[in-house]
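Only the coordinates and a few stated rules stand behind these numbers; no lab work does. Just so we're clear, the structure is a prediction, and the values are computed from it rather than from any experiment.
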Amino acid sequence: MNEKILNSELKLLYPTEFEEMTEEELKKYFTKSTNRWGVIDREGHFMVSVGWTNQLGLMSFMTDVKSVLAPFEKNMRKTLMDYQRTGELHAEICSGRASGFTFEFTANDKPVRQYGNIMALKVKKRYYIVTASTGNTDNLYRRQVFDGIVSSFTVI
């Protein structure tokens with residue numbers, strides 16, 4: 001497993017077959033590269049990205065993971081072909097409640113069905129949004145990779 005530290009506060013592990021995405025790749029797949037980091041398994045056609053938003057002062061106490069995810073889903077409905085929300089995700093991560101959902105869509109650059117997960121969690125005054133997408137139809141493999149990365153999160 002490889003290790004990454006984000007914002008000097010969150011450590012995560014990711015499989016060795018994944019490599020860090022370039023700024024250009026982050027922009028291509030996620031529309032922006034600021035406040036975002038990601039890895040890709042080119043052979044396995046699997047991407048995992050972690051984005052973050054700063055919440056300052058009272059806003060960090062008034063916002064929850066559901067409201068943080070709402071604009072992401074709205075954007076996915078607009079931009080992803082044949083978008084469908086397919087399930088719910090909930091976990092205890094970094095001593096807090098993380099929530100999200102699974103989804104499917106058709107890739108914009110080729111007619112291939114894609115499968116994704118998105119989950120948000122709060123660490124200190126910052127929200128982290130973890131997104132994964134792949135064309136791999138093996139649901140067990142997809143969940144193992146995503147759950148493995150998310151469950152490795154450690155506040156430092």
Per-residue [θ]222 nm for the chain (sum of -39500 (n - 2.57) over DSSP H runs n ≥ 4, rounded to 500)
-7500 deg cm²/dmol
Between Phe103, Phe30, Phe18, where does the largest GNM mean-square fluctuation fall for the chain, given springs only between Cα atoms within less than 10 Å?
Phe30
What does the extension gain come out to for Tyr141 and Asn7, with contour length at 0.36 nm per residue minus their alpha carbon separation?
45.4 nm
I'd like the Karplus ³J(HN,Hα) series for the stretch 121-136: coefficients 6.51, -1.76, 1.60, θ = phi - 60°, whole numbers in Hz, and an x wherever there's a Gly or Pro.
8, 10, 10, 6, 9, 10, 9, 10, 10, 9, 10, 10, 8, 7, x, 5
From the phi angles alone, apply the Karplus equation (6.51, -1.76, 1.60; θ = phi - 60°) to the stretch 13-24 and give each ³J(HN,Hα) in whole Hz, x where the residue is Gly or Pro.
10, 9, x, 5, 6, 8, 10, 5, 7, 7, 4, 5
Give me a comma-separated list of calculated 3J(HN,Hα) values for the stretch 33-42, in order, Karplus coefficients 6.51, -1.76, 1.60 applied at θ = phi - 60°, integers in Hz, x for any Gly or Pro.
10, 6, 6, 8, 9, x, 10, 9, 9, 5
